[in-house]
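Colleague: For reference, the structure I am asking about is given below.
Just so it is clear, none of the values below were taken in a lab; they were calculated from the coordinates. The model shown is predicted, which means the values in this text are computed figures rather than measured ones. Positions of Cβ are backbone-derived with ideal geometry, glycine not excepted, and every protein chain shown enters the neighbour counts.
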Amino acid sequence: MKTRMEWEAYADSLSINGQAFVNGEYIPAESGETFDCLSPVDGRLLTKVASCGEDDADKAVKNARETFSSGVWAHLPPAERKKVMIRFADLIEQHSDELALLETLDMGKPIRYSKAVDVFGAARAIRWSGEAVDKIYDELAPTPHNEIGMVTREPVGVVAAIVPWNFPMLMACWKLGPALASGNSVVLKPSEKSPLTAIRLAQIAVEAGIPKGVLNVLPGYGNTVGQALALHMDVDTLVFTGSTKIAKQLMIYAGQSNMKRVWLEAGGKSPNIVFADAPDLKAAAASAASAIAFNQGEVCTAGSRLLVEASIKDTFIDLVVEELKSWHPGHPLDPESQNGAVVDGDQLATVLRYIESGKQEGAALVHGGEQVMESTGGFYVAPTVFSNVNNNMVIAREEIFGPVLSVISFDTAEEAVAIANDTDYGLAASVWTSDISKAHKTSRDLRSGMVWVNHYDGGDMTAPFGGYKQSGNGRDKSLHAFDKYTEIKATWIAL
Ligand code: NAD
């Protein structure tokens, strides 16, 4: 790993592209408009980014449709698409320093995680989907002797993918992996807060052999180019990761336009339940600290509600606070930093507003609670812990998307499950206990798409990722993700 000085020198020498990518070429927005891409690390201007709109959406979708219909990608044998996807993953890894640096400068996360989690995770997602695609079989129905019923999966056609800023490249690649491997053409819209890695990735895809026009990238705002894609009459499927508020809006847009399929990965307010009989309280506390502080708390699965059995509450909070000391923010380009900058000034203000709300509603602030490192010109906040929270307080109900932990105590397993499920969301949950029956029973009773036992945030590409209730529908990762990108066709043949 490079030193901070080496990363800073690399950053100074980096040439950053902010253009759209359509039909294999970098181009400005049709309107010529741009917006400033500022770094949350220190407020510096990184580049000007094309501010795409409806005309750009029309152009990119038309191109994606033509490319799809030509069969240049969709009709390649799966084993050939697999080879290209694996080359794409290899090239992402070969450019890992550049991509990690872009991610850190653009959205503020520590460089060690940009590289280990975002870049290598993105490469794994592309490779896994590529490797899977020539192993997924179609079906023959149990038909009579004089008929054959075939059930085949076919690519949906043109996919629009709208992604958030917290794991910009990783969330994009969770979509691009199965979307491209299945033979679709894609128009990707990164968040206006973190467009840079998506823009760079498009060219790497072409270098890998993905035909021009199969992957297009349109940077810009949600209410301009995002809305245009969501309302577009020639987009077959819209896949989204982002807030529940915008997810609901996208369902409306689909109904107002062509009833495109809409798959949504949205927000969370995940409970992390620690019973007094947890096998190792110190390990549970280390995990609870990272569950709220990792990625500055900007994680959909953040363990933002810590439910602790009353008999160990005070001991456990002390252990968590001790662990959080190593998560104090540092310079994101310092390879030792565990915690970096939040994405921008607006997000910092949101986090600070929630901290005020916690105080006003009578929760007890036991750690953090303030902005730090102001002199950098960037946006940093100390990991924050509130105890004596009840589940009706705003800080227990709303997704803060920052490092703010609400500690709630309970007396029985039934009470823990009732509190855990008393939320609009249902993305993830965790249970810490040495009692195998209690672990299974509690896991079954939790209304969430992912449950972890005696750790937090486990899983790899083999495990489906997504939520119940207002956390969304469908799943990313695993073979289940292919459901989003394929239509099922029944062909019945009389012999
Ligand atoms: P957001 O909903 O504000 O924006 C997400 C994307 O939608 C961005 O690209 C944005 O430009 C676009 N958008 C905004 N308005 C739009 C509109 N009217 N039409 C079309 N597109 C529009 O979310 P965010 O702040 O970027 O990301 C944080 C959210 O993402 C959190 O709620 C978090 O929980 C969620 N998230 C979920 C998962 C998951 O897998 N469930 C993973 C990561 C993040």
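Colleague: Below 8 Å between Cα atoms, with a sequence gap of 6+, how large is the relative contact order for the chain in percent?
Modeller: This gives 18 percent for the chain.
Colleague: Under a plain spin-label model, where a point goes 7 Å from the Cα along Cα-to-Cβ, how far apart in nm are Thr152 and Lys282?
Modeller: My value for the distance between the label points is 6.1 nm.
Colleague: State, as an integer percentage, the relative contact order of region 1-157 based on alpha-carbon contacts under 8 Å between residues 6 or more apart.
Modeller: 18
Colleague: Then there's this: Is there a quick way to get the dipole size of region 1-138? I mean about its Cα centre, with the Cβ of Lys and Arg at +1 and of Asp and Glu at -1; what is the value in debye to the nearest 20?
Modeller: In total the dipole reaches around 600 debye.
Colleague: Can you put Trp174, Trp263, Trp432, Trp327 in order of Cβ neighbours within 10 angstrom, beginning with the fewest?
Modeller: Trp327, Trp263, Trp174, Trp432
Colleague: Calculate the spin-label point distance for Glu361 paired with Asp55, positioning each point 7 Å from the Cα along the beta-carbon direction, and give it in nanometres.
Modeller: Those two pseudo-labels are separated by 4.7 nm.
Colleague: Related question: Can you figure out the FRET efficiency of Lys62 with Ser31, using R₀ = 22 Å and their beta-carbon distance, to the nearest 0.05?
Modeller: Plugging the Cβ-Cβ distance into 1/(1 + (r/R0)^6) gives 0.80.
Colleague: Continuing with the same structure: Using 13 Å as the cut-off for backbone N distance, which residues of region 96-122 belong to the label zone defined by a point 7 Å from the Cα of Met5 along Cα→Cβ?
Modeller: none
Colleague: Return the aspartates and glutamates within reach of Lys484: Cα separation strictly under 14 angstrom, same-chain partners fewer than 8 residues apart disregarded; answer none if there are no such residues.
Modeller: Here the aspartates and glutamates satisfying the reach criterion relative to Lys484 are Glu154, Asp236, Glu265, Asp476.
Colleague: Find the centroid of the Cα atoms in region 239-274 and in region 474-495, then give the distance between the two in whole Å.
Modeller: If you average the Cα positions of each part, the centres end up 21 Å apart.
Colleague: Pull out a ≥ b ≥ c, the square roots of the eigenvalues of the alpha-carbon gyration tensor of the chain, then state rounded if a/c is under 1.5, prolate if not and a/b is larger than b/c, and oblate in the remaining case.
Modeller: Judged from the Cα gyration tensor, the chain comes out oblate (a/c at least 1.5, b/c at or above a/b).
Colleague: Something else now. How far is it, in nm, from the label point at Leu479 to the one at Glu336 when both lie 7 Å from their Cα along the line to the Cβ?
Modeller: Taking the two extended label points, one gets 4.7 nm.
Colleague: Among Val117, Leu140, Val163, flag the residue with its Cα farthest along the positive direction of the charge dipole of region 25-177, charges on Cβ as +1 for Lys/Arg and -1 for Asp/Glu.
Modeller: Working it through, the farthest residue towards the positive pole turns out to be Val117.
Colleague: If you stretched the chain out fully between Asp234 and Ala116, how much longer would it get, using 0.36 nm times the residue separation minus the C-alpha to C-alpha distance?
Modeller: So the extension gain works out to 38.8 nm.
Colleague: Would you kindly state how much longer the chain becomes between Glu398 and Asn258 on full extension, computed as 0.36 nm times their sequence separation minus their alpha carbon distance, in nm to one decimal?
Modeller: That pair, Glu398 and Asn258, stretches by 47.2 nm at full extension.
Colleague: In whole Hz, with x marking every Gly and Pro, tabulate ³J(HN,Hα) for region 111-117 from phi via Karplus 6.51 cos²θ - 1.76 cosθ + 1.60, θ = phi - 60°.
Modeller: Per-residue couplings from phi come out as 4, 4, 7, 3, 7, 6, 9 Hz.
Colleague: Considering only DSSP beta bridges whose two residues both sit in region 325-421, what percent are antiparallel, to the nearest 5?
Modeller: Given both bridge residues lie in region 325-421, the antiparallel proportion sits at roughly 60 percent.
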